[in-house]
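Right, one structure below, let's go through it.
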Amino acid sequence: MTTDTTTKVVPTGETVLDARGVTMRFGGLTAVRNVDFTVNAGEIVGLIGPNGAGKTTFFNCLTGLYIPTEGEVRYKGNVLPPKSFKVTAAGIARTFQNIRLFANMTVLENVLVGRHTRTKEGLWSALLRGPGFHKAEAASRERAMELLAFVGLDSKAEHLARNLPYGEQRKLEIARALASEPGLLLLDEPTAGMNPQETRATEELVFAIRDKGIAVLVIEHDMRFIFNLCDRVAVLVQGEKLVEGDSATVQGDERVVAAYLGEPFEDAPGKDEVAEVEAAEAHAEAATDAAPGKENDR
Ligand SMILES: Nc1ncnc2c1ncn2[C@@H]1O[C@H](COP(=O)(O)OP(=O)(O)O)[C@@H](O)[C@H]1O
Ligand SMILES: [Mg+2]
């Protein structure tokens, strides 16, 4: 088992994920409609959109959890197998919007579970615990510890997963996903419930993952996080891809702003507006200091 954690040279440009005309219907409801979508090697791509836009459903279509009603998904040129464990074995790993860890297993055990698609030693070997099993297990543990160190959880390897604070559970999910040695990692709302420091740490972690040669596709509501992180952002609205482009293109698109009306996002305004808001806040603060109770006139 290789234990290489050094930065790999990322061949950019090669298409890792290629989804064509993906449609997913549930009875009369079309949750995803005719979506074309690609992720290239070396890229971090964002998928945003209001609640119920179909983001998670689209992820499920990329991971074999759902078979698209129409359309085709290819990973490195091959059509995805119709089972999620086979998709993981092919090289796509994911985390879930609602954390799915084995609560009563240790942190290390959770990562070891994530390695099962990569170990040749099968179930019988594990049950009979022959010499091949012990050797494979030692290598797996070594790699799992390495991944825990990578996400900053090595000191908690023996803790039960359920005793980790929420932000660390999300990190553990990422370590477990990485344990399958993916070429593409899908993150569904990785910073949900995190404080700003944890969110920033997650940003660094995603950059580090990309630097290891793993392409990343991330769903997130935190726009600051998305626009800092992503090379490209696609916007899903009512199951359809509305806009796609770099951060500036997406932020400047009126249709995106309209789609988000009622869900205003931080940090979207241009520099002038930011300066204006900061000046107003400073003014309000000064006014409050001088005359407590005086309201900010925004
Ligand atoms: N398994 C399912 N069966 C029926 N409807 C579903 C299912 N999964 C999602 N939906 C519906 O599909 C739409 C998109 O949901 P989802 O993909 O979870 O949106 P998002 O992740 O963008 O918030 C919603 O209307 C949701 O109710
Ligand atoms: Mg979702």
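The values are calculated or read from the model by the stated rules, or taken from the named source; none is laboratory data. The model shown is predicted, which means the values in this text are computed figures rather than measured ones. Glycine gets a Cβ as well: all are built from the backbone with ideal geometry, and neighbour counts include every protein chain shown.
In this structure, does A89 turn out to be more than 16 Å from ligand 2 (Cβ to nearest atom), of a type in the set (A, V, I, L, M) and in contact with a strand residue (DSSP E or B) (Cβ under 7 Å, 6 or more places away or on another chain)?
Answer is no for this residue.
Pick from the range 159-199 the residues that are of a type in the set (D, E) and in a helix (DSSP H, G or I): which of them is farthest from ligand 2 (Cβ to nearest atom)?
Result: E168.
Can you tell me how many residues within the range 200-244 are touching a residue at least 60 places away in the same chain (Cβ under 8 Å), outside any strand (DSSP E or B), buried (at least 21 other Cβ atoms within 10 Å of the Cβ) and touching a Ser or Thr at 6+ places or on another chain (Cβ under 7 Å)?
3
One residue is enough: does the range 74-88 have a residue meeting the conditions hydrophobic (A, V, I, L, M, F, W, C) and more than 21 Å from the chain's Cα centre (by Cα)?
Yes - at least one qualifying residue is present in the range 74-88.
Considering only residues of the range 22-80 that are hydroxyl-bearing (S, T, Y) and farther than 25 Å from D222 by Cα, which is farthest from ligand 2 (Cβ to nearest atom)?
In this case the residue turns out to be Y75.
In the range 65-106, how many are within 16 Å of ligand 1 (Cβ to nearest atom) and of a type outside the set (A, V, I, L, M, F, W, C)?
Total satisfying the criteria: 11.
Output the residues belonging to the range 229-243 that are under 15 Å from A53 (Cα atoms) and of a type in the set (D, E, K, R).
If the condition is that a residue be under 15 Å from A53 (Cα atoms) and of a type in the set (D, E, K, R), then E240, K241 are the ones that fit.
This table checks each residue for (1) more than 28 Å from V216 (Cα to Cα); (2) at pLDDT below 90; (3) exposed (fewer than 14 other Cβ atoms within 10 Å of the Cβ).
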residue: T95; (1), (2), (3): no, no, no
residue: R100; (1), (2), (3): no, yes, yes
residue: V111; (1), (2), (3): no, no, no
residue: R118; (1), (2), (3): no, yes, no
residue: G122; (1), (2), (3): yes, yes, yes
residue: H134; (1), (2), (3): yes, yes, yes
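Within the range 97-110, does at least one residue satisfy the condition of being within 15 Å of ligand 2 (Cβ to nearest atom) and among the hydrophobic types (A, V, I, L, M, F, W, C)?
Among the residues of the range 97-110, at least one is within 15 Å of ligand 2 (Cβ to nearest atom) and among the hydrophobic types (A, V, I, L, M, F, W, C), which makes the answer yes.
If we only count strands (runs of 3 or more DSSP E) wholly inside the range 12-62, which ones have 3 or more residues that are touching a Cys at 6+ places or on another chain (Cβ under 7 Å) and β-branched (V, I, T)?
Counting at least 3 such residues, we get no strands (runs of 3 or more DSSP E) at all.
Mind checking whether some residue in the range 216-225 is away from ligand 2 (no atom under 16 Å from the Cβ), of a type in the set (V, I, T) and closer than 20 Å to D246 by Cα?
Within the range 216-225 (the criterion being away from ligand 2 (no atom under 16 Å from the Cβ), of a type in the set (V, I, T) and closer than 20 Å to D246 by Cα), the answer is yes, since at least one residue qualifies.
Applying the selection to the range 21-54, what residues are at positive phi, surrounded by 19 or more Cβ atoms within 10 Å (Cβ to Cβ) and more than 9 Å from ligand 1 (Cβ to nearest atom)?
G42
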